[in-house]
Amino acid sequence: MAGRRKKIYTDGIYHVFNKTIHSNKIFLDIHNCHLFIKIIHYYRSMKARLSFSRFLDLPESDRNRIIIQLGDAKFFRVELLSYCLMPTHYHFLLKQNIDSGLSHFISLVMNSFTRHVNLETDGLGPIFLTKFKSEQIDNDEELKHVSRYIHLNPYTSKLVNNISALNKYPWTSYREYIAGEKRLCNINPVMSLFNNKRESYRDFVENHADYQRTLETVKHASRWK
């Protein structure tokens, strides 16, 4: 990630996103989605001292011991607040906990994921564009709205046609927010802005869905003018 111009501040929150080279639909493959999430879970912690490949080769008892260590939040280089995997791209809402933690996390995840996919497919070279994009979240309003934007992506892009089915899309953190499922995210920074009421957050997201889809349609149409 050398050559990045934007400084990423410790304790700052960032919307981080990147897309695949040639818009390859890497996340239409369920196996790739599961693999990506496992790698995220592994490398967010500074306790991940082995490569993910070497970790997988350990005896089960050793893996289980490390998994317990990986769950200790005080060792997280980043906190994942929300995420969405789309066929050709990903979105993260991340809080950097240590200096250079965010860039290091993205680098480790991308390198590991690319290596595994290339080995399984006899592929060569990178899967994602070289530099990820990041936008700093400056206030609570931005935090709420970016979280909503991320969670609405499957509906906005028409992977989910009915807003009532949004919570069935498996590759986002949305159900962690509205159903209390525990998987990857620290939902407290966002949910505290809704008095920790799941229904309030659901209404905030889903009542804005058609407007966001309309904006996306207009944006794509404008490219052909």
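The values are calculated or read from the model by the stated rules, or taken from the named source; none is laboratory data. Source: prediction; values computed, not measured. As a convention, Cβ positions derive from the backbone with ideal geometry for all residues, glycine included, and neighbour counts pool all protein chains shown.
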For Lys131, the lone unmet condition from (1) without any contact (Cβ under 8 Å) to a residue 12 or more places away in the chain; (2) touching a strand residue (DSSP E or B) at 6+ places or on another chain (Cβ under 9 Å) is (1)
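Among the residues in segment 107-125, are any more than 21 Å from Asn32 (Cβ to Cβ) and either of a type outside the set (Asp, Glu) or touching a residue at least 12 places away in the same chain (Cβ under 8 Å) (or both)? Working first, answer last.
First pass over segment 107-125, keeping only residues more than 21 Å from Asn32 (Cβ to Cβ): none.
The answer is no; no qualifying residue exists.
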- Condition met for Gln96 (in contact (Cβ under 8 Å) with a residue 40 or more places away in the chain, of a type outside the set (Ser, Thr, Tyr) and surrounded by 13 or more Cβ atoms within 10 Å (Cβ to Cβ)): yes
Quiz item: Is it the case that Lys158 is among the charged types (D, E, K, R), more than 27 Å from Ser107 (Cα to Cα) and at pLDDT below 95?
Solution: yes
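Of all residues in segment 186-212 being at pLDDT 90 or above, of a type in the set (A, V, I, L, M) and not in a loop (DSSP other than H, G, I, E, B), which is nearest to the chain's Cα centre (by Cα)?
Initial filter on segment 186-212 (at pLDDT 90 or above): 186-207.
So of that shortlist, the ones also of a type in the set (A, V, I, L, M) come out as 187, 190-191, 193, 205.
Now drop any that are not not in a loop (DSSP other than H, G, I, E, B), which leaves 190-191, 193, 205.
Numbers: Val190: 15, Met191: 17, Leu193: 20, Val205: 17 Å.
Here the residue is Val190.
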Flagged in segment 1-56 as among the basic types (Lys, Arg) and in contact (Cβ under 8 Å) with a residue 40 or more places away in the chain, in numbering order, are Arg4, Lys6, Lys19, Lys25, Arg44
Aromatic (Phe, Trp, Tyr) and within 18 Å of the chain's Cα centre (by Cα) - does that describe any residue in segment 148-157?
yes
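Keeping to segment 105-129, report how many residues are under 15 Å from the mean Cα position of the chain (by Cα) and either within 19 Å of His22 (Cβ to Cβ) or of a type outside the set (A, V, I, L, M) (or both). Let's see the steps before the verdict.
So in segment 105-129, the residues under 15 Å from the mean Cα position of the chain (by Cα) come out as 105-110, 113, 128.
Filter again for either within 19 Å of His22 (Cβ to Cβ) or of a type outside the set (A, V, I, L, M) (or both), leaving 105, 107, 110, 113, 128.
So the answer is 5.
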(1) basic (Lys, Arg); (2) free of Cβ contacts under 8 Å to residues at least 40 places away in the same chain; (3) surrounded by fewer than 17 Cβ atoms within 10 Å (Cβ to Cβ) all hold for Arg77 apart from (3)
If you go through Arg183, Arg223, Arg148, the only one that is closer than 29 Å to His22 by Cα, at pLDDT below 90 and either among the charged types (D, E, K, R) or surrounded by fewer than 19 Cβ atoms within 10 Å (Cβ to Cβ) (or both) is Arg223
Taking segment 1-59 and keeping only residues that are loosely packed, with under 12 Cβ neighbours inside 10 Å, within 19 Å of Glu135 (Cβ to Cβ) and at pLDDT 95 or above, one is left with Asp11
Do we find that Ser112 is surrounded by fewer than 20 Cβ atoms within 10 Å (Cβ to Cβ), modelled with pLDDT of 95 or more and either of a type outside the set (Ser, Thr, Tyr) or within 25 Å of Phe52 (Cβ to Cβ) (or both) in this structure?
-> no
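For segment 164-177, what are the residues that are surrounded by fewer than 18 Cβ atoms within 10 Å (Cβ to Cβ) and either of a type in the set (Asp, Glu) or in a helix (DSSP H, G or I) (or both)?
Within segment 164-177, Ser164, Ala165, Lys168, Arg175 qualify.
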